[in-house]
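**Q** Here it is, the structure in full.
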Amino acid sequence: MRLSVGILFALLLSVMDCMGETWLRQSVCWPGTAVERPSAMEDHEEKLSLRQAAIFLLEECRTILPGIQALFGFQLIAIFNDGFDTKLSSSEQDLHLAAISLVAVAVVLIMAPAAYHRQTGPMKVNARFITVASRAALLAMIALMLGLTLDFYVVAQVVLGERKWSLLLAALLCGLIVTVWFMLPRTRALRRYASAGDHLHEPAKDQRGASTHHRD
């Protein structure tokens, strides 16, 4: 048992270490720190129309939905297994119910953009739809993260039988999800905004320099 815990613990730590190294390499744009200049390929961006943005958004939701539905199905099946009452304590059964509830909330949120679009403007796309749908998708990912963490803790508790190891592994999984789903994308966004700000300030500096040279 300790060998399996050690292997799983090392695997999660190695993945988080790789993610952390990538995150640090991105040079987080805290005030007063240097920002790593993106390459020409990374700096290239193409502005999407509302129609294209809506298509991308709905495709992303459609990509996430099957995984959530599969997880929800396995969670429901587990309740009807013979060992559910014997292997899980009352508190662990409550945690499993909470995890199922969170995954159900994730399903509702990830399907909300389609329902919203069908009823508010099926023949048009506006910026409000993009905003509402994006927020619903992010909230669905938060609910899914919490549901995965709770169920992972329950499974680890059944397999290992030690609460401290179960809590530690669940915390590592939650940290990995937060890093990959939220911290890395937001770090990239911060770098992009900082780079855009530098490009805006450079012409102003050149103009000041030119005016000073002209006066001289």
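Read-outs throughout are calculated quantities, based only on the coordinates presented, and are distinct from any laboratory measurement. Every value quoted in this text rests on a predicted model; they were computed, and no experiment measured them. Don't worry about glycine lacking a Cβ; one is built from the backbone with ideal geometry, like all the others, and counts go over all protein chains shown.
**Q** Which percent of Cα-Cα pairs in the range 66-140 sits in each 10 Å bin, short to long?
**A** 18, 36, 23, 15, 7, 1
**Q** Here is a follow-up. Viscosity 0.692 mPa s, temperature 37 °C: what is the translational diffusion coefficient of the range 85-124 from Stokes-Einstein with a Kirkwood Rh over Cα pairs, rounded to a whole number of µm²/s? Write out the running numbers ahead of the final one.
**A** Values: Rh = 12.4 Å.
Here the translational diffusion coefficient equals 265 µm²/s.
**Q** L167 versus N126, label points 7 Å from Cα toward the beta carbon: distance in nm?
**A** The answer from the label model is 4.9 nm.
**Q** Hey, what's the Cα Rg ratio for the range 46-91 versus the globular rule of thumb, 2.2 N^0.38 Å?
**A** That works out to 2.01 for the range 46-91.
**Q** What's the FRET efficiency of R51 with R186 using the Cβ-Cβ distance as r and R₀ = 45 Å, to the nearest 0.05?
**A** Working: r = 26 Å, r/R0 = 0.58.
Result of the calculation: an efficiency of 0.95.
**Q** Which trypsin sites (Lys or Arg not before Pro) from the range 47-86 combine a DSSP loop assignment with at most 12 other Cβ atoms within 10 Å?
**A** Values: sites: K47, R51, R62; in loops: K47.
Hits after loop and neighbour filter: K47.
**Q** Quote to one decimal, in nm, the extra length available between S91 and L58 on full extension: 0.36 nm per residue of separation minus the C-alpha distance between them.
**A** Contour length minus Cα-Cα distance gives 8.1 nm.
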